[in-house]
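Below is one structure, written out as structure tokens; the observations come after it.
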Amino acid sequence: RLYAVWKLETYTITYDANGGNGGPVSQQKTYNKDLKISGIRPKKNGYTFAGWAKSRGASRCTYKSGEVFRENKDTKLYAVWKIKTYSVVYDANGGSNSPSSQVKTYGRDLVLSKNKPKRENYLFAGWAKEKNSMTCSYKPGGTYKANASIRLYAVWIRDAFQIQYDANGGVGAPVSQMKRRSETISISKTRPYKSGYTFLGWGKTPNARTISYYPGDRYAGVEDMKLYAM
């Protein structure tokens, strides 16, 4: 009498890195015995490995690394890749109305937001990579090429300046004046008064001996200034 000899069937699970490299070696699955999908993850520059699918062009995974494979058949699994993205965040850096964050995709240039933040008495110059930098790395609408997340800080140029007047022992000093960077204004024509003295003009220090400005002179500077009656 002869008896049948049976051998459990086995199946080959093959991995295809699908454009990447470093994929797992093939595995053998035994009939009706669970097999864990390899935990080795392939790599592809600019992409994140998402899992394994049964077709090359699939965008969704059939299996994740370490999941159980139960099918009793030879199977070829293809790596599913998700392209990397990076965040571009805008910081108004003391201003307001920052542009909304943007998402940059690996290998693709990003056109930066053309929206400009606002800050009272300042002009927006552009965007810098560091909070306290006065050097702009990017302008609104410029091109961002790096494959990295970044936080951009608004660069501000002061636009408003104050001229203050000190009667310097007298009375009736003019009220302060404001000027914009692009403006040229006239020094106040209001003259202070001091009993027993004649007003000569304005100096830059309380004890100045040289007149810096006369009433009505033109001023185009871009700094705060305090003038003292002489």
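Let me check against my output: what whole-number percent is the relative contact order of the range 158-230, with C-alpha pairs under 8 Å and at least 6 apart? Mind dumping the intermediate values first?
Working: 159 pairs, mean separation 28.9, N = 73.
Taking the mean separation of contacting Cα pairs over the length of the range 158-230, I get 40 percent.
In Å, what Kirkwood hydrodynamic radius results for the range 12-73 from the alpha-carbon pair distances? Intermediate results must be reported in sequence, preceding the final value.
Details: mean 1/r = 0.0816 Å⁻¹.
It works out to 12.2 Å.
Taking the charge dipole of the chain about its Cα centre, with +1 at Lys and Arg Cβ atoms and -1 at Asp and Glu Cβ atoms, the residue from 198, 128, 85 reaching farthest to the positive side is 85. Working note: Karplus 6.51/-1.76/1.60 with θ = phi - 60° gives the range 61-68 the couplings 8, 8, 9, 9, 4, x, 6, 8 Hz, where Gly and Pro are set to x. Working note: Cα atoms of the range 79-143, range along each principal axis, descending, whole Å: 55, 21, 19. Expressed to the nearest 5 percent, the antiparallel share of DSSP beta bridges inside the chain is 75 percent.
Equivalent ellipsoid semi-axes for the range 93-230, as square roots of 5 times the alpha carbon gyration tensor eigenvalues: give them largest first, rounded to whole Å.
Details: eigenvalues 457, 28, 25 Å².
Semi-axes (√(5λ), whole Å): 48, 12, 11.
May I ask you to give the average projected area over all directions of the convex hull of the Cα atoms of the chain, in nm² rounded to one decimal?
19.9 nm²
The phi torsions of the range 50-58, fed into the Karplus equation with coefficients 6.51, -1.76 and 1.60 and a -60° offset, translate into couplings of 9, x, 10, 10, 8, 10, 5, x, 5 Hz, rounded to whole numbers, with Gly and Pro shown as x. Taking all Cα-Cα distances within the range 13-141, those exceeding 26 Å account for 48%.
Taking the Cβ-Cβ separation of residue 84 and residue 9 as r and a Förster radius of 45 Å, what is the calculated FRET efficiency to the nearest 0.05? Kindly include the intermediate steps, with their values, before the conclusion.
Numbers: r = 41 Å, r/R0 = 0.91.
It comes to 0.65.
Most tightly packed first, judged by the mean number of other beta-carbon atoms within 10 Å of their residues, the peptides 144-150, 111-117 read 111-117, 144-150.
Considering only Cα-Cα distances, which of the following residue pairs are longer than 32 Å: 7/54; 44/118; 82/118; 43/145?
Values: 7/54 28 Å; 44/118 42 Å; 82/118 37 Å; 43/145 22 Å.
From the list (7/54; 44/118; 82/118; 43/145), the Cα-Cα distance tops 32 Å for 44/118; 82/118.
The aspartates and glutamates within cross-link reach of residue 73, meaning a Cα-to-Cα straight distance under 18 Å and a gap of 8 or more places when in the same chain, are 9, 16, 34. Charge dipole (Cα centre; +1 on Lys/Arg Cβ, -1 on Asp/Glu Cβ; no other charges) of the chain amounts to roughly 800 debye.
Could you state the accessible area per residue of the chain in Å², with a 1.4 Å probe and every protein chain left in place? Spell out each step's value before the answer.
Working: 14540 Å² over 230 residues.
Accessible surface, normalised per residue, equals 63 Å².
List the chymotrypsin sites (Phe, Trp or Tyr not before Pro) within the range 2-49 that DSSP assigns to loop and that have no more than 14 neighbouring Cβ atoms inside 10 Å.
Working: sites: 3, 6, 11, 15, 31, 47, 49; in loops: 3, 6, 31.
In loop regions of the range 2-49 (DSSP not H, G, I, E or B), the sparsely surrounded chymotrypsin sites (Phe, Trp or Tyr not before Pro) are 3, 6, 31.
Taking Cβ atoms as reference points and 11 Å as the exclusive limit, the residues near residue 110 contribute a net charge of +2, counting Lys and Arg as +1 and Asp and Glu as -1.
The values are calculated or read from the model by the stated rules, or taken from the named source; none is laboratory data. Computed from a predicted structure; not experimentally measured. Cβ: placed from backbone, ideal geometry, glycine included. Neighbour counts: every protein chain shown. Areas reflect the complete protein model, heavy atoms only, side chains present, ligands, DNA and RNA absent. Shrake-Rupley method; radii C 1.70, N 1.55, O 1.52, S 1.80 Å.
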